[in-house]
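Below you'll find the structure, written out as structure tokens, and then a few comments.
The values are calculated or read from the model by the stated rules, or taken from the named source; none is laboratory data. Because the structure is a prediction, the values reported are computed rather than measured. Cβ: placed from backbone, ideal geometry, glycine included. Neighbour counts: every protein chain shown. Just the protein is used for accessible areas: all its heavy atoms, side chains included, with ligands, DNA and RNA removed. Shrake-Rupley method; radii C 1.70, N 1.55, O 1.52, S 1.80 Å.
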Amino acid sequence: MHTRKNQRNLTAEEKRRLVGALLELKRSGQYDEFVRMHDAFYVPDGQNRPRAAHMTPSFFPWHRRYLLEFERALQRIDPDVTVPYWDWTADRAPGASLWADDFLGGTGRFGDRQVMTGPFAYRNGNWRITSRITDGKYLTRDLGRPSDPVHLPTAGEVRRALADPVYDTAPWDSTARTGFRNSIEGWSAGGEERWRNHNRVHRWVGGLMLGATSPNDPVFWLHHAFIDLLWDRWQRAHPRSGYLPRTPPAGSDPQAGRVFALHDPLPPWEVRPAELLDHSRVYRYV
Ligand code: CU
Ligand code: CU
């Protein structure tokens, strides 16, 4: 059993050790394997094949297991390190301690959006991007996108998503109009509104956080730890609700074979959503 903390409460020593483990994971090549795994599972719902990770009911369990694998890899380097969470409803400014030189570094510079400060700045020699669609070798960000401002989701927006007692609903994709899963994952009809809650945070950070290789930015893990915590909050608020769909969509349903029901093994670990509903024996949030 280990504890995941709010990143704002980490001591200088805890930040130093987390950064050290991240840099060592990068140096060993394992970090980039995690990035490639995320890229491989980035299957949009326009494609007629199974979707385990995004635009799908198993968005929460898939990312729970993915974070746990990543955290175990960090812990093989430093057993005391855990993945902290970033509560972006509270820590909303580009000047927050999260973005300081001793932690994740700050926003990108004007022009190429290259991050110039902190341990993950390319110029500091330890963070070279190897898997992305375009050519740059450096981490990019555009916090808050000052040229056309976007805002982080508010506590009220999160509260409204948590109030939905139904976990997910047909058609089990990015067009589901209601349900906790898509309200948090954050897909909706076009334009800037297409980016709500979870998606909006990727948008607000900008740069590499926008695409399928978003784990290239270490803030990915802190963001998704908070998403994982929100799943806990929803479960506590609705103890009689549960993961849906309970059984696979019928053969005539266009989503048959494309989404994962409660007892369908999720790739690549072949673990069922039912096995990922309760993490209380593995880790807890404080
Ligand atoms: Cu993802
Ligand atoms: Cu995400």
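Observations on the model:
- Projecting the Cα atoms of A170, I77, N6 onto the dipole axis of the chain, where Lys and Arg carry +1 and Asp and Glu carry -1 at the beta carbon, places N6 farthest toward the positive end.
- Two numbers describe the Cα atoms of the chain: Rg and Dmax, which are 18.3, 56 Å.
- Computed over region 81-181, the percent of Cα pairs more than 15 Å apart is 73.
- Distance from region 65-103 to region 7-28 (C-alpha centre basis), Å: 8
- Scaling against 2.2 N^0.38 Å puts the C-alpha radius of gyration of region 241-286 at 1.38.
- Residues whose placed amide H lies under 5 Å from that of T140, excluding near-sequence neighbours: V115, L208
- Applying the Karplus relation 6.51 cos²θ - 1.76 cosθ + 1.60 with θ = phi - 60° to region 278-284 yields 3J(HN,Hα) values of 10, 9, 5, 8, 10, 8, 9 Hz, where x marks Gly and Pro.
- The distance from the alpha carbon centre of region 137-168 to that of region 226-276 is 23 Å, rounded to a whole number.
- For the pair N126 and S241, the difference between a 0.36 nm per residue extended length and the Cα-Cα distance amounts to 36.9 nm.
- Each Cα pair under 8 Å and six or more residues apart adds its sequence gap; the mean of these over the residue count of region 2-285 is a relative contact order of 22 percent.
- Dipole magnitude of the chain about its Cα centre (Cβ charges: Lys, Arg +1; Asp, Glu -1), debye to nearest 20: 200
- Per residue, the chain exposes an accessible area of 44 Å² to a 1.4 Å probe, with every protein chain left in place.
- Proportion of all alpha-carbon pairs of region 41-90 beyond 16 Å (%): 55
- Note, ³J(HN,Hα) from phi for region 264-274, Karplus 6.51, -1.76, 1.60, rounded to Hz, x at Gly and Pro: 8, x, 8, x, x, 9, 6, 10, 8, x, 4
- Rg/Rh for region 204-286, where both radii come from Cα atoms and Rh is the Kirkwood radius: 1.03
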